[in-house]
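The values are calculated or read from the model by the stated rules, or taken from the named source; none is laboratory data. Note that this is a predicted model, so its numbers are computed, not measured. Every residue, glycine as well, gets a Cβ built from its backbone with ideal geometry; the counts of neighbours run over all protein chains shown. Just the protein is used for accessible areas: all its heavy atoms, side chains included, with ligands, DNA and RNA removed. Shrake-Rupley method; radii C 1.70, N 1.55, O 1.52, S 1.80 Å.
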Amino acid sequence: MSERPEREIQVPRGDRMEGFDQDFINRIKTGFKPLFVRNPLTTVYQQLPSAIYNVKPGDYQPRSLMLGFAWGLHFFLLNNIGLEDLHCSAHMASILSRNPSITFENYLAAMNGLRREIEACHLVKPKVDITNLIVLVLNCCQIIDLLLLFHEGRLTSEVDRICSSEINTWWVDLLLIMNQVPFFALQKMYDMVVGDHHNMAAQQIPSLVDLSLHFFEQFLDLNKDLAPPLESNSIHHLLHLVHYYLLPQNNPPPSPPSSKKPSHHIRLIRESIPSARRLKEVGVRFRAKNDPGFSNITFHKGVLQLPFLRIDNNTEIILRNMVAWEQCHFNVGGYFTSYCIFMDYLVNAVEDVHILQNERIIEQRLGSEEQVASLFNGLSTNIAYIAYENDFLLGLYRDLNNYCGNRFNLWRAKLLVDYFSSPWAIISVIAAIFLLLMTAIQTFYTAYAYHRPH
């Protein structure tokens with residue numbers, strides 16, 4: 001057998017390798033990208049982890065309102081930088097008319113002054129050139145004008161036909177994680193627009209936070225009056241603002257990430273709970289909570305209380321983007337993540353949906369219970385990150401499982417189902433007890449008459 005000749009290995013010379021196609025190597029090198037690492041400085045995410053995004057990409061993509069460098073620039077260039085073709089140019093004109101002392105160039109200069117902050121907060125660092133600055137100014141003016149028109153009650157077809165007819169789509173687009181504009185940029189523009197209240201419709205101009213909350217509370221049940229105020233300089237973007245005011249206020253604030261317990265930050269094995277049908281079989285009762293707030297779920301003395309949820313075509317989109325925000329960013333808690341995982345366990349089939357509907361915990365407008373069950377079953381797909389100390393429902397899982405494993409609860413539930421599940425069953429049990437009692441009395445007197453002394 002002949003020996004295999006040894007392969008000759010070329011030694012690198014400078015930046016090139018002898019015998020290799022350097023152009024091919026360079027094309028490979030351009031595809032090298034850093035891992036998606038959670039960074040506390042990053043707040044605007046133009047892309048998501050593929051495991052999350054690929055489950056349902058359409059739920060993270062804007063349908064009408066394209067904002068930020070991920071979508072706005074594409075839309076901008078698609079129109080060949082022809083402002084006469086852009087819908088947002090009308091809002092730009094409206095903003096310029098609100099404070100004529102501020103020019104378009106002034107707004108560009110203001111955004112240019114925030115160049116470093118803008119670059120720092122994006123996951124993929126953008127090249128903040130003149131085109132990107134124009135896109136950002138147009139985006140900010142479009143959002144601000146939309147909020148102001150809504151606040152002033154002037155969002156009508158006479159003012160803006162497209163905007164007024166698509167408002168139910170736009171509010172969802174404003175909450176997509178990949179469609180966000182830095183709040184500090186919005187705040188800077190808003191301060192310039194309102195200025196000294198020149199030519200404004202109202203004498204008292206609300207803050208940008210109040211203006212935003214007034215808009216979104218028409219579509220979502222916000223804890224605006226219960227939650228501690230969130231200061232403008234601590235808000236990352238509109239998604240962060242709404243996320244905060246959708247949280248239950250009786251839960252502790254999320255803990256900052258701890259470097260001492262790195263193993264607790266990824267939980268590959270979670271506790272589970274039985275489905276709603278199984279819980280009902282062992283005697284758990286379901287009640288709807290009046291207090292708003294996702295993950296505001298409690299279990300006490302056999303009663304499981306959940307917040308009311310109206311399910312429509314936008315529910316899944318909002319939940320997915322709230323979960324994505326928690327998955328990507330530090331120190332915003334895991335409320336929505338915990339809620340979606342909990343509901344995935346609770347709802348496995350149509351029977352589980354019926355139970356929650358009958359107790360008025362959910363109101364579905366999708367058309368069928370099968371769609372609702374499918375929605376909940378898919379929300380926690382590929383969700384692998386929950387900070388252990390921020391999983392607010394861990395105690396609830398244990399309490400429910402302990403309750404289900406208690407033999408007394410099982411026997412009591414079986415007794416209630418078998419003998420007290422309907423009025424006729426209750427009447428039959430009462431009749432049987434009455435007959436048994438009469439028989440016992442008759443037997444007693446018969447025995448007593450036989451044995452009593454004469």
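General observations
- Residue in region 14-36 that is at negative phi, modelled with pLDDT of 60 or more and touching a strand residue (DSSP E or B) at 6+ places or on another chain (Cβ under 7 Å) present: yes
- Of all residues in region 286-312, those satisfying the criterion of being touching a helix residue (DSSP H, G or I) at 6+ places or on another chain (Cβ under 9 Å), more than 15 Å from Pro248 (Cα to Cα) and open to solvent by 30 Å² or more (accessible area, probe 1.4 Å) are Phe299, His300.
- Selection status of Thr337, over 19 Å from Lys289 (Cβ atoms), touching a residue at least 40 places away in the same chain (Cβ under 8 Å) and open to solvent by 40 Å² or more (accessible area, probe 1.4 Å): no
- In this structure, Phe336 qualifies as in contact with a helix residue (DSSP H, G or I) (Cβ under 6 Å, 6 or more places away or on another chain), aromatic (Phe, Trp, Tyr) and under 29 Å from Gln61 (Cα atoms).
- Condition met for Asn223 (more than 25 Å from the chain's Cα centre (by Cα), modelled with pLDDT under 95 and not hydrophobic (A, V, I, L, M, F, W, C)): no
- Helices (runs of 4 or more DSSP H) wholly inside region 345-454 containing at least 1 residues that are modelled with pLDDT under 80 and either surrounded by fewer than 18 Cβ atoms within 10 Å (Cβ to Cβ) or more than 38 Å from the chain's Cα centre (by Cα) (or both): 394-405, 407-419, 423-451
Let's see how each residue does on (1) in contact with a His (Cβ under 6 Å, 6 or more places away or on another chain); (2) part of a loop (DSSP other than H, G, I, E, B); (3) modelled with pLDDT of 95 or more; (4) within 25 Å of Leu41 (Cα to Cα):
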residue	(1), (2), (3), (4)
Leu147	no, no, no, no
Gly153	no, yes, no, no
Val159	no, yes, no, no
Asn168	no, no, no, no
Leu175	no, yes, yes, yes
Met200	no, yes, no, no
Gln203	no, yes, no, no
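- Candidates Arg278, Arg270 - the one that is in a helix (DSSP H, G or I) and either at pLDDT 80 or above or not small (Gly, Ala, Ser) (or both): Arg278
- In summary, Ser164 fulfils each of the numbered conditions (1) out of contact with any Ser or Thr (no Cβ under 6 Å at 6 or more places or on another chain); (2) at pLDDT below 95 with the single exception of condition (1).
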